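Take a look at the structure below.
The values are calculated or read from the model by the stated rules, or taken from the named source; none is laboratory data. All of these numbers come straight from a predicted model, not from anything done at the bench. All Cβ positions, glycine included, derive from the backbone under ideal geometry; neighbour counts span all protein chains shown. These area figures cover heavy atoms from the full protein model, side chains too; ligands, DNA and RNA do not enter into them. Shrake-Rupley method; radii C 1.70, N 1.55, O 1.52, S 1.80 Å.
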Amino acid sequence: MSNHQGHYYSGDQQHVGYESDERSYNDDYDDGEGHHGGGEEYYEPGQEQESQTYVSGDYTSVPDILQLNHLCANAIAPRSNLEEDRLEADESWEPVREWMRTHNADEVRQAAEQRGESSMTALHFACRNQPPVDVINVFLSIAVDTVQWPDTFGWLPIHYACACGAETDVIKALAEAYPESKTTVDRRGRTPLHFALGNQNPEQLAAPAVVAILSSTGAASYADDNGMLPLHYACAYGASEESLFVLTDAHHDAISTRDRNNRTPLHFALSNAGRKASPGAVRHLLELDNNLANANNGPLPLRVLAEFAHALKRNTTDADRESVRKCLAFLLKATPRPTADFFTALQSLPDWLSEQAVVMTSVQIVLNEKISQRFPTAVLILDFLALAVIIVFYSLNVAESIKVRSKKEDDEMIDITRDLPILLPLYIGAGYFFIREIVQMMSLLSLKAFHLWLNNASNWLNLVFISLVLFWTVSMQIGIVKPETFRIGTALTVSILWLKVLGFLRNMLIDFAVFSGGVFYVFKRLVAFLTALGIILIGFAQMFVTVFQDTETCYNPPDDDEDYWKVYFEREEWEVACEEDNDRTYCTFWTSFLAVYTMLLGEVDEKPFVDDGFATFLFVIFMFLVVILLANVLIAIVTESYKVIQDQRAAIVFWTNRLDFVAEMDAVANGPWKFRLRKMLGIQMDADEHTEVVFGREFWKRLMDLFEDDIDGGAMSAEFWAYNLLRVTTAIIIIPSWVILGMFSAGWLWPPQVREAIFTSTVTQHNSETEREDELRKTQVIKLRGEVAELKEEMGKELKVDRTQVVQMKSLVAERRAEIANEMKHIKRIMTMLFEQQSNLDA
């Protein structure tokens, strides 16, 4: 990591403590005098321990009152979550249970209150080995005060329990027994919540319930000596998204809190982007505050991610890389400010990650906005003009210089030098590109990104281009270099000039970007094939030379062989002699190699092989193997490779080129010269200044509105003719004049709409895996909302029906009650009448 960003937590590193950000538990116990609290006898939590005081398996040398410490220290934590490992760990606690069963409460209390190494009690030893809850309950019921006792390092038993991944019930019991322990800090300012979230074992990550218990009394707002809150730990060690929700709800300001090295929790999540939980952490933090994606006077989060991605090993799993890709997608979706540092960070991403970045819609929109601003537009136009001037004047001067040099071979008195005024456009053009390159280098140096310049092949092409133009211009001015060398050198320089033109066009048009990218892509795929093809051609060339060596075809007669030369000169046709001379093609290796190479391209002459059977056999083999088979394989590979670029990588190639140009322009536009100039002029610069002046936008819009508005009143109205006259004036005079004026000012006076029309490109719609997941999630949320609304409506209808039925039932019940009451009254009257009649009968 770079110095200005401090140390970050990498997935390959093992972090438990946090002094200088990286420390083991033993380092945390340093007493400030160079001694560790437990000396060599102290072991990290979770490991089996042996010490001078407690010897594993030897009970005879341990006093009975210290045996509880010994037994708790020698119990083991589960090695994994497998059932057999958990059973083995539980069995290691049986001696502890047995000792407690065989001693009375006072003896257990006295043993539990005994302090051992580093003032640790039996409860301390037990808590660092993931104890079962029944053992902890015995301690808390008999010696509850020990839960409040710190060791020499300021750790309570709950610190050990949280650091070693104890069960939720254990931590809950300890917290309930001593609620103040949740905010008790050790010598380095860490609460139990810090340790619960700083567990490096992915199988022992703190459960959301544990985080909720420990943060219930404000521990989420406690920073350690490094200024790190529990949220920093959670993001560094891959806590679950549910735990992050608990932490941010408990202390919302934690998301933007910076540690001693000016890092937010987002920095820690990105510096461990390979973890499975990191994408969720990045998404959660940026949803709460997308301004975290900017540097804000600290390390740029995108650069942190780039450095982590470069640090990934080649054997990294696809899952790790996919996590990094998701983190990048969430980070760019938050639309960081398009500063020079942002673009250089994008360039510094490894290829497998930058290819995803450049096709993201948010990045393409930013690149379009940047390239259509005044400064990049002016540079593009000046590049084109300077390049055109160099090509024109270079061609004219070279042609004239070659003529003069050819005449000098016949007349030594001819002056071959060229006058300075004629060569001045070449000096100006080369000087422009030289200054441009120097400013770019200085700007990248100020951003500490000079490696990007070194890794860009276009910059080296620019240096070669500038050097050759200046060298041949000087050569023409002072008349040096021999004529033949001058011809060859200037001819090769022409190829560099036109390569420069192609490089300019690839920044402008996607088709040229695809072509240039396709050429390099095809060449890389053809390296092995071309090597094999070259070996085969060399082999056949040597075989043909061997076959024809010292035969009549390659016979070299001595000068005194009169019979041979007599027959040779008596030929009736000179062409026949020429044809026989041509048959000497395979007499030297170089001519033989040229011949087989031209046969590969389709120029085949079989005459030299017809008189020799073996030569004919080799010719047939060569034609089948090379001309028919390998030539068609070559065509197939080139076609397929270029189609891959055209169909699958066209957008990647184009937007990568555009990113390189925009990053270069933004680095130059915001280079050190800008701040020095503003300082000289006494102009104060806003820290957030990054907007473009929109000169002419509104006026151009009004001009365009003239051609869209409808005219009322018909052709006979004065308004109609006045309006059309204004349209004609605008189309013939105002707009062309404005465009021409903008050309002379290198696009500086153009309205933004003209620059956007010329230089912006269509944003490609690219759906990454993360974007598809987001879309799926949004679709599912919308669908769920619809289902909830439908369910709510159905429940409302059912409630209405039920309410109606209840009212009806109440009405029926009331009616039945009234009927029963009437019947009871009727029965009462009848009974009264019967009693009266009975009374009358008795009387």
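For Glu400 and Met623, the FRET efficiency from 1/(1 + (r/R0)^6), where r spans their Cβ atoms and R0 equals 60 Å, is about 0.80. With each label modelled as a point 7 angstrom along the Cα→C-beta vector, the Ser256-Leu502 pair spans 5.1 nm.
Per-residue packing, averaged as other Cβ atoms within 10 Å, sorts the ranges 151-162, 828-839 into the order 151-162, 828-839, beginning with the highest. Solvent-accessible area of the range 309-385 (1.4 angstrom probe, protein heavy atoms only): carbon and sulfur portion equals 54 percent. The slack in the chain from Phe744 to Asn822, taken as 0.36 nm per residue of separation less the alpha-carbon distance, amounts to 17.2 nm. Residue-wise HN-Hα couplings along the range 226-234, as the Karplus relation 6.51 cos²θ - 1.76 cosθ + 1.60 with θ = phi - 60° gives them from phi, are 8, x, 8, 7, x, 5, 4, 4, 4 Hz; Gly and Pro carry x.
Under a 1.4 Å probe, what is the accessible area of the range 344-444 per residue, stated in Å²? Spell out each step's value before the answer.
Details: 4360 Å² over 101 residues.
With all protein chains present, the range 344-444 gives 43 Å² per residue.
Over all pairs of different C-alpha atoms in the range 275-357, the reciprocal of the mean inverse distance, the Kirkwood hydrodynamic radius, equals 12.9 Å.
At a 1.4 Å probe, what is the % contribution of carbon and sulfur to the accessible area of the range 441-497?
Details: 2150 of 2920 Å².
Whole-percent figure for carbon plus sulfur exposure: 74.
The packing ranking, built from the mean of other Cβ atoms within 10 Å per residue, places the peptides 367-375, 730-738, 810-818 in the order 367-375, 730-738, 810-818, highest first. Cα extents for the range 88-171 along the principal axes, largest to smallest and rounded to whole angstrom: 32, 28, 20.
The alpha carbons of the range 218-265 occupy a box of 27, 21, 15 Å along the principal axes, longest dimension given first. Taking all protein chains together and rolling a 1.4 Å probe, Thr591 ends up with roughly 50 Å² accessible. Sequentially through the range 456-472, phi angles give Karplus couplings (6.51, -1.76, 1.60; θ = phi - 60°) of 9, 5, 4, 5, 5, 4, 4, 5, 4, 4, 5, 5, 5, 4, 5, 5, 6 Hz, Gly and Pro residues having no value and appearing as x. Karplus-based coupling profile of the range 815-822, in residue order and whole Hz: 4, 4, 5, 5, 4, 5, 4, 5, with θ = phi - 60° in 6.51 cos²θ - 1.76 cosθ + 1.60 and x standing for Gly or Pro. A Stokes-Einstein calculation at 20 °C with viscosity 1.002 mPa s, built on the Kirkwood radius of the range 173-247 over Cα pairs, returns a diffusion coefficient of 177 µm²/s.
Between Lys448 and Ser80, what FRET efficiency comes out of the Förster formula 1/(1 + (r/R0)^6) with R0 = 51 Å and r the beta carbon distance, rounded to 0.05?
Step by step, r from the Cβ atoms, then E = 0.70.
Projecting label points 7 angstrom from Cα along Cα→Cβ for Ile637 and Leu726 puts them 6.6 nm apart. Ranked by the mean number of other Cβ atoms within 10 Å of their residues, highest first, the peptides 426-435, 603-612 fall in the order 426-435, 603-612.
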